[in-house]
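Read through the structure below, which is laid out as structure tokens, and then see the notes.
The values are calculated or read from the model by the stated rules, or taken from the named source; none is laboratory data. It should be emphasised that the depicted structure is a prediction, and the values quoted were computed from it without experimental measurement. Here the Cβ is made from the backbone with ideal geometry for all residues, glycine too, and neighbour counts use every protein chain on show.
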Amino acid sequence: MVKADDRRRIKLPKDVVSPGDRILVIPAGRRIVLIKIPPKPVEASSSWLKTEKDKKELRALAESYAIEEAEMKLRRNFARGG
């Protein structure tokens, strides 16, 4: 178990993460999912992620989906009065 400090930071165990590692943080209700991003994600995923798209196309697609998701969350929060 880890505890957040007064600046909302948490310290992860040394065997889990190293300084400079990039971590994707995904809020999941009352939980948080942390996913360590490899230094070269495209190369690391090439064995299981087959695509004809280049990095630029994949980035544009990811950004498009991220914007769409953010807008959907904003609409949902606005509808709830939040």
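Brief remarks on what is shown
- For segment 5-47, a residue qualifies if it is surrounded by 10 or more Cβ atoms within 10 Å (Cβ to Cβ), hydroxyl-bearing (Ser, Thr, Tyr) and in a loop (DSSP other than H, G, I, E, B), and exactly one does: Ser46.
- Close pairs from segment 2-28: first over 30 Å from Glu69 (Cα atoms) and among the charged types (D, E, K, R), partner surrounded by 10 or more Cβ atoms within 10 Å (Cβ to Cβ) and modelled with pLDDT under 90, Cβ under 7 Å, at least 6 apart: none
- Residue pairs meeting the criteria (Cβ under 9 Å; at least 6 apart or on separate chains; first under 17 Å from Gly29 (Cα atoms), in segment 53-82; second among the small types (Gly, Ala, Ser)): Arg76/Gly82
- When Arg7 is tested against (1) modelled with pLDDT under 90; (2) under 26 Å from Lys73 (Cα atoms), exactly one condition is not met: (1).
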